[in-house]
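Below is one structure, written out as structure tokens; the observations come after it.
The values are calculated or read from the model by the stated rules, or taken from the named source; none is laboratory data. Treat the numbers as computed from the prediction; the structure is a model and nothing was measured. Here the Cβ positions follow ideal geometry from the backbone for every residue, glycine too, while neighbour counts run over all protein chains shown.
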Amino acid sequence: MDVKNIKTVGVLGCGLMGAGIAQIAAAAGYKTIAREVTQELADKGIGNIKKQLERNAAKGKITAEEKDKTIANLTGTASLDDLKNCDVIIEAITEDIKLKGEIYSYLDKICPAHTIFASNTSSLTITEMAAYTQRADRFCGMHFFNPVPVMKLVEIVKGVRTSDETFDTAFELGKALGKTPIAAKDNSGFVVNFLLVPYLLGAIRAVQNGTASIEDIDKGMMLGCGYPMGPLTLLDFVGIDTTYRIAEIMLKEYGESMYACPPLLRKMFMAGFYGKKSGKGFYDYSTGTPVVNPEIVNYIK
């Protein structure tokens, strides 16, 4: 399919990543249908997009006309059947291969032959997901970064059976969405997470082993390497739960100790310290100004 023939984009999931993908697709002029498991969640996701667009318009980042056109392109739904006429469907749900597979299998039966399936997975392989469908040649990865409307990168991933035409279309779609695409092979973690996850897990081990304080580890990497935020702050933004699942998947894929989940990460996951989304991770966000989570500090003493 030529990227010029893409008119309607479906997005599976309207959480943090899904809503961001839906926003940039609608802003790029595509009719965009975002699906969530309930209409309430779909409406909430679309509502969050509208609030973000209104903030952007108030700050002069976009015009009122651009805001209105983007909103007009957005639809939220709880029905998978509403995605049956999409030209491209980008999936951004939880990293659960069985759940993804069930949804892909259903959509494969109701979508026309030309529809391209793309996954925003950060750790699962495209080839494994494509196996749930009869269109492995029209299945690829489009891995965006959080926050999607701001981050410029998208990794375009070619599975074992992804056709050149599908890959090229996804690559051009990435550009049409205002991103800078890079090509990646179908290895768990692709380019960025393949390198990033061991770094983040290493930072957790440094906290766990008492190498330095949470604040000083973050400050050290920011001032020593010029990173915009430290690894422990980044973990809170990515999500402790998300990192935990990614580490488990990548360890299974590669069998290398650098991907092994540190005990502290596992305990934070079990305690519900998921990071910014839950209000507490390595930092406590409950007062508005982040402070180091005292429960973590007390635990590692």
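Kindly indicate whether G279 is of a type in the set (G, A, S), out of contact with any strand residue (DSSP E or B) (no Cβ under 9 Å at 6 or more places or on another chain) and closer than 18 Å to L124 by Cβ. Steps first, please.
Numbers: of a type in the set (G, A, S): yes; out of contact with any strand residue (DSSP E or B) (no Cβ under 9 Å at 6 or more places or on another chain): yes; closer than 18 Å to L124 by Cβ: no.
Taking the combined requirement at face value, the residue does not satisfy it.
So which residues in the range 31-58 are closer than 22 Å to T121 by Cα and touching a residue at least 40 places away in the same chain (Cβ under 8 Å), if there are any at all?
T32, I33, A34, R35, E36, V37, T38, listed by residue number.
Got a sec? Which of G20, G10 is small (G, A, S), out of contact with any helix residue (DSSP H, G or I) (no Cβ under 7 Å at 6 or more places or on another chain), within 19 Å of F144 (Cβ to Cβ) and in contact (Cβ under 8 Å) with a residue 24 or more places away in the chain?
Residue meeting the stated conditions: G20.
So which residues in the range 248-270 are under 27 Å from D186 (Cα atoms) and either free of Cβ contacts under 8 Å to residues at least 12 places away in the same chain or among the aliphatic types (A, V, I, L, M) (or both)?
I249, M250, L251, K252, G255, E256, S257, M258, A260, L265
So how many residues does the range 172-183 have that are out of contact with any helix residue (DSSP H, G or I) (no Cβ under 7 Å at 6 or more places or on another chain) and surrounded by 20 or more Cβ atoms within 10 Å (Cβ to Cβ)?
2
Out of I33, I24, I46, which single residue is in a helix (DSSP H, G or I) and under 30 Å from D137 (Cα atoms)? Before the answer, list the steps.
Values: I33 fails: in a helix (DSSP H, G or I); I46 fails: under 30 Å from D137 (Cα atoms).
Going through I33, I24, I46 in turn, the sole match is I24.
Would you please list the contacts, defined by Cβ atoms under 6 Å and residues six or more apart or on different chains, that run from a residue in the range 154-169 that is surrounded by 18 or more Cβ atoms within 10 Å (Cβ to Cβ) to a residue that is modelled with pLDDT under 95 and among the β-branched types (V, I, T)?
Partner pairs satisfying both residue conditions: T169/V3.
For the subset of the range 133-150 comprising residues that are closer than 30 Å to L53 by Cα and free of Cβ contacts under 8 Å to residues at least 60 places away in the same chain, which member is surrounded by the fewest Cβ atoms within 10 Å (Cβ to Cβ)? Lay out the reasoning, then the answer.
Of all residues in the range 133-150, those closer than 30 Å to L53 by Cα come to 140-150.
Retained after the next criterion (residues that are free of Cβ contacts under 8 Å to residues at least 60 places away in the same chain): 140-143, 145, 150.
Details: C140: 27, G141: 30, M142: 27, H143: 25, F145: 19, V150: 9.
In this case the residue turns out to be V150.
Counting only residues that are surrounded by fewer than 14 Cβ atoms within 10 Å (Cβ to Cβ) and not polar (S, T, N, Q), which one in the range 68-100 is nearest to the chain's Cα centre (by Cα)?
Keep residues of the range 68-100 that are surrounded by fewer than 14 Cβ atoms within 10 Å (Cβ to Cβ), which gives 68, 72, 79, 81, 94, 96, 98-99.
From what is left, the residues that are not polar (S, T, N, Q) are 68, 72, 81, 96, 98-99.
Values: D68: 25, A72: 24, D81: 23, D96: 13, K98: 18, L99: 16 Å.
Per the stated criteria, the residue is D96.
Pick from the range 34-67 the residues that are polar (S, T, N, Q) and loosely packed, with under 15 Cβ neighbours inside 10 Å: which of them is nearest to I93 (Cα to Cα)?
Residue satisfying both the conditions and the ranking: T38.
Can you tell me which residue among T243, T233 is touching a residue at least 40 places away in the same chain (Cβ under 8 Å), touching a strand residue (DSSP E or B) at 6+ places or on another chain (Cβ under 8 Å) and either in a helix (DSSP H, G or I) or not assigned by TED's automatic domain parsing to the domain that holds A92 (or both)?
Details: T243 fails: touching a strand residue (DSSP E or B) at 6+ places or on another chain (Cβ under 8 Å).
Sole residue among the options that is touching a residue at least 40 places away in the same chain (Cβ under 8 Å), touching a strand residue (DSSP E or B) at 6+ places or on another chain (Cβ under 8 Å) and either in a helix (DSSP H, G or I) or not assigned by TED's automatic domain parsing to the domain that holds A92 (or both): T233.
Is it the case that the range 279-301 has a residue that's in contact with a Cys (Cβ under 8 Å, 6 or more places away or on another chain) and surrounded by 13 or more Cβ atoms within 10 Å (Cβ to Cβ)? Don't jump to the end; show me each part of the working.
At the first step, the residues of the range 279-301 found to be in contact with a Cys (Cβ under 8 Å, 6 or more places away or on another chain) are none.
There is no residue in the range 279-301 that is in contact with a Cys (Cβ under 8 Å, 6 or more places away or on another chain) and surrounded by 13 or more Cβ atoms within 10 Å (Cβ to Cβ).
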